[in-house]
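Report on the structure given below.
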Amino acid sequence: MHGKEISENVEEYLETIYKKSLSDSMAKTTEISKDLGIAPGSVTQMLKKLEQDGYVVYYQYKGVTLTDKGYKIARSIVRKHRILETFLYEILNINIEDLHEQACAMEHSLSDEAERKLCQLLDYPNQCPDDHNIIPVCDLNISTCYECSKVANINEIPRRIENLVSISDMRPQQRGKIKFIRGSNETLQELLDLNITLESEITMINSTPLNGPVKILVDGKDVMLDKELSFNAFVELE
């Protein structure tokens, strides 16, 4: 957990930038201002401070991108938020319209170990229930959820240095290697049947709308990958 190394306010900014940068390479100041309900001038000042602290790169009049340092923190907060939403909905039966607000109130204090136990309790979920956004990968340096389940103490697992993205979040012509597969042995077998394994080289061709398949190159061969499977294979980009 990041503890109180950074404030909840900073985490909210990084979380917002992360979400915006998934659909576009740069988060615009006006969009951040609108999402957070903060005046554009105040947002600009904060973005400059975040740049000084090494969390973002700020481009005047254009927007902002996350550094590796900022990305790791933002991804962790987004992951905790979406796992909490899943827990609140599936285990506690909280009304779906109340999930976001309640998860926001809890995400900053959730420890890494509690997050890991929730993930295991929920059987390694891949989407949150309210908007079906992908739950980001954890930063534990493991290859599969099975490995995680065999370790008693989270402190025994080193942290992954690389930032991974799901196949579904890759942009056309992006390339990389699969470094983590989420889910059960059944998920591993489904991917293996398509000749997709750890260390497979992937190139994104295109992703069809809604729940249609994803077209990728796997070690130079065309593969049509089920959309939900694409949520569960994570790649280190070149």
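Points worth noting:
- Listed pairs 150/227; 19/150; 19/177; 117/177; 28/48; 20/69 exceeding 21 Å between Cα atoms: 150/227; 19/150; 19/177; 117/177
- Mean projected area (nm²) of the alpha-carbon convex hull when the chain is viewed from all directions: 13.1
- Bridging of residue 62 to aspartates and glutamates at a Cα separation below 13 Å is possible for 24, 31, once same-chain residues fewer than 8 apart are set aside.
- The chain, accessible surface, carbon-and-sulfur percent (1.4 angstrom probe): 49
- Accessible area expressed per residue, the range 35-157, with surrounding protein chains retained (probe 1.4 Å, Å²): 50
- For the peptides 64-72, 98-106, 83-91, the ranking by packing is 83-91, 64-72, 98-106, with the highest mean count of neighbouring Cβ atoms within 10 Å listed first.
- Built amide H within the under 5 Å cut-off of residue 205, gap 5+: 173, 215, 216, 217
- Protection proxy ranking of 54-61, 8-15, 220-227, by the mean of other Cβ atoms within 10 Å over each peptide's residues and highest first, is 8-15, 54-61, 220-227.
- Two-decimal log10 I(q)/I(0) for the range 117-179, as the Debye equation yields it once each C-alpha is a single scatterer, q = 0.16 Å⁻¹: -0.64
- Each residue of the range 32-41 is assigned a 3J(HN,Hα), and the resulting list reads 4, 4, 5, 5, 8, x, 10, 4, x, x Hz, derived from the Karplus form 6.51 cos²θ - 1.76 cosθ + 1.60 (θ = phi - 60°), x at Gly and Pro.
The values are calculated or read from the model by the stated rules, or taken from the named source; none is laboratory data. Not measured: the values here are computed from a predicted model. Counting neighbours? That spans all protein chains shown, and the Cβs are built from the backbone with ideal geometry, glycine included. Surface areas here come from the heavy atoms of the whole protein model, side chains and all, with no ligands, DNA or RNA. Shrake-Rupley method; radii C 1.70, N 1.55, O 1.52, S 1.80 Å.
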